Every structure is written in C-alpha cells, then in structure tokens.
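These notes are about the structure you will find just below.
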Amino acid sequence: MRISITYLYVIFRYGYPHAVEDVFRALPEIRKLGFRFLEMEGLGPAHLRALDRRRRDLLRALDDSGLHVHNFCVVDPDLVSPETGRRSRALDGFKRGAELADLLGAETLHLASYAPPVRYVKNKPYQLGAKAGYRFADQTRIRIPAGFCWQGVWRTLVRSCQACADTAARHGKIVLMEPRVGEAICSVDSLLRLIEHVGRPNFKANFDTGHFSAQRENVVLALEKLRGHFANIHIADNNPVSTEHLPLGEGTIDWEEFFRVLKGMNYEGYLGLDLGASRPLIPGYRKSVERIRSLAAKLKLKIEI
C-alpha cells in the first residue's frame, strides 16, 4: 500500500477554488511534507482548462518535485445536471480531464454524485466557489420543488457515470465514485446500487472512511460490503457528530481492525490522507502517517510513502 495525500491539502492551503499558480506552489510543499504520491482536481471547467493549458509546465513541475499523480478528479456538478446541454458540455470537460489524467500517468479518474436538485434553505453541500470558502455542511434543510422526480435524478446519474466510464475505458482508466454526506451517493448501499446499475467493469468505488463514518456506517463492515468494488481509499478519522475529517486516532474508527481486514483483502492500492479538520493540518498529517506505520509494523503490512 502507498500513502498519498489528497487534494484537500491544496484546497485548505489556498482556498476553494484557487488559481492555477497555487497548484504549482503546493507541489514542492507536498514533497517537503514527505509525500511522493498525490491526487489532483480540476475544480470546475475554468480551473480544469487552466490546468490543461499548463499541462507541460505541470508535468515538469511534478517531475522536478518527484511526485506522481495517481488519481485525477473532474469537479463539475453539471455532470449530473437535468439539462441535457449543460450535461453534454460537462461530459466534454470530463473528456479533457481524462486526457490530462492520461498524460500525467494517473491510474484512476474520480467523480462525485453532487447534491440532488432540490431547494436548499441555507447550506448546500460542497458548493464550488462559495463565498465562505470550502466547508462541510453538517446540517441541511431542503424544500422539494414542484415536479421533482427521484427516479429521473437517478437515471441521469447512472447515464452520466456510464458515459464517464466509457471515456475512461478508452484511456485504460478506472473511474471512482466518491460517497459524500448529503449527496445522491452517500452510503455504502447507494454506492453498491449505483455500481450495479452503471454496469461497467471499470466503474468502482472510492472508499472514504471519513464520509462513511459521518454517515454512521460501521467503517469495517463497509469495507467488507464493498469487497472487490473499490479501487482507492480516502483515509481520515471521524467522530460522527460532524463530518470533520480528523487525523487518525482522534475519532472513533477502529483502525487496527480496519487494517487487519484490508490486509486480508490483499489491497495494494493507495491510502489518500484526506484531512480537513478545522485545526493545523501539518501535525495531523505527521500523526496520521506515524499511526499507519505503527499499525503496518504490528500487522506486517508493506507501506510506501
């Protein structure tokens, strides 16, 4: 297994969204923290286009820093828009992201299901460009609009995921779906249902310990339920009174049993540290890495960083 760092580092360091120049500033910082593997994101169409225009510079900067991008996420809520034209433009953007991911040598592409098209009274989860910056919406209140049809929302999500998986397959990539609290896909069982309905062999789960815990799933049981269906892991602790992604050991997840089960699955992929707590992040990364190393030594697991 390889410990990586997710894009939350860049988001919390430079804002949500941020300029493409901030990506280049972040890369040597990530390497200085001791990481060699990372995830990247195109935070909306404009940010993705800016990254793509700088693709050669990005390749050079990654090489200079000794970093490997293993997962690339195309962030665009229009991927699940009920409006055909907006969805079509977003799928074109996903194709651009897949080409960039291929150039970077990423093994996987990454999706989210986004918030359903209902009216939010106050907070809406994961708003790109929100004035308050990036924050988790622990509580939401909604109003169901006239004409709302959940089955229509579901069909749109399935078809969009199928189109993305087919695009990724042309590049030899796996597509991952991230479960997030408050979105269309938030639980283990909704994720399993989506995988079944999409019906593509390269469409798999991104296992997210923080979000599953915040959803009050038993994380170890979730691991078993998703056996054979996930191809990447986001790892953070959590206390399910909130959605905060905490350093390992500061929440309620049973990490020794988690890694024992993971060992039994012969998982050899990435563990992306996905910390987003409202506290200094750097000590949290160091603490989490040491916790993983300690458990790996105890359970005789091979870990790279």
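Just so you know, all these numbers are worked out from the coordinates, no wet-lab data involved. Bear in mind that the values here come from a model prediction, so they are computed numbers and not experimental data. Cβ placement follows ideal geometry from the backbone for every residue including glycine, while neighbour counts extend to all protein chains displayed.
The computed percent of Cα pairs over 29 Å apart for the structure shown corresponds, within (1) 38; (2) 31; (3) 44, to (2). Counting every other Cβ atom within 10 Å of each residue's Cβ, PHE72, PHE258, PHE12 order from fewest to most as PHE12, PHE258, PHE72.
Volume of the convex hull of the stretch 1-74 (Cα atoms only), normalised per residue: 79 Å³.
Length available on full extension from CYS149 to GLU268: 0.36 nm per residue minus the Cα-Cα distance, which gives 38.8 nm. Here the 3J(HN,Hα) profile of the stretch 196-201, calculated from phi with Karplus coefficients 6.51, -1.76 and 1.60 at θ = phi - 60°, is 5, 6, 5, x, 10, x Hz, Gly and Pro shown as x. Put in order of Cβ neighbour count within 10 Å, fewest first, the listed residues CYS164, CYS149 become CYS149, CYS164. Of all beta bridges that DSSP places with both ends in the stretch 2-299, some 10 percent have antiparallel geometry.
Rounded to the nearest whole Hz, the Karplus-based 3J(HN,Hα) values (6.51 cos²θ - 1.76 cosθ + 1.60, θ = phi - 60°) of the stretch 70-82 follow the sequence 9, 8, 10, 10, 9, 9, 7, x, 5, 4, 10, 5, x, with x at glycine and proline. For HIS68, the amide hydrogen comes within under 5 Å of the amide hydrogens of PHE37, LEU38, counting only partners 5 or more places away or on other chains and with H modelled in the peptide plane. For ASP208, the residues whose modelled amide H falls within less than 5 Å of its own, excluding neighbours fewer than 5 places apart on the same chain, are HIS234. The amide H of LEU271, built 1.01 Å from its N in the peptide plane, has ARG2, ILE3, SER4 as neighbours under 5 Å, considering only residues 5 or more places off or on other chains. Per residue, the average separation of C-alpha pairs within less than 8 Å and at least 6 apart gives the chain a relative contact order of 19 percent. Quick one: 3J(HN,Hα) in Hz for the stretch 243-258, Karplus 6.51/-1.76/1.60 with θ = phi - 60°, rounded, Gly and Pro as x. Each residue of the stretch 243-258 in turn: 9, 4, 9, 9, x, 4, x, 9, x, 10, 6, 7, 6, 5, 5, 4 Hz. Taking a straight Cα-Cα cut-off under 17 Å and skipping sequence neighbours fewer than 8 places away in the same chain, the aspartates and glutamates within cross-link reach of LYS300 are GLU256, GLU257, GLU268, GLU290. Projecting label points 7 angstrom from Cα along Cα→Cβ for GLU290 and HIS229 puts them 3.7 nm apart. Only residues of the stretch 273-305 count here: report those whose backbone N is under 12 Å from the spot 7 Å along Cα→Cβ of GLU29, or say none. Only 281-282 fall inside the zone, counting backbone N under 12 Å. Entry note, the chain: the mean residue ellipticity at 222 nm calculated from DSSP H runs of n ≥ 4, each adding -39500 (n - 2.57), is -13500 deg cm²/dmol after division by the residues and rounding to the nearest 500.
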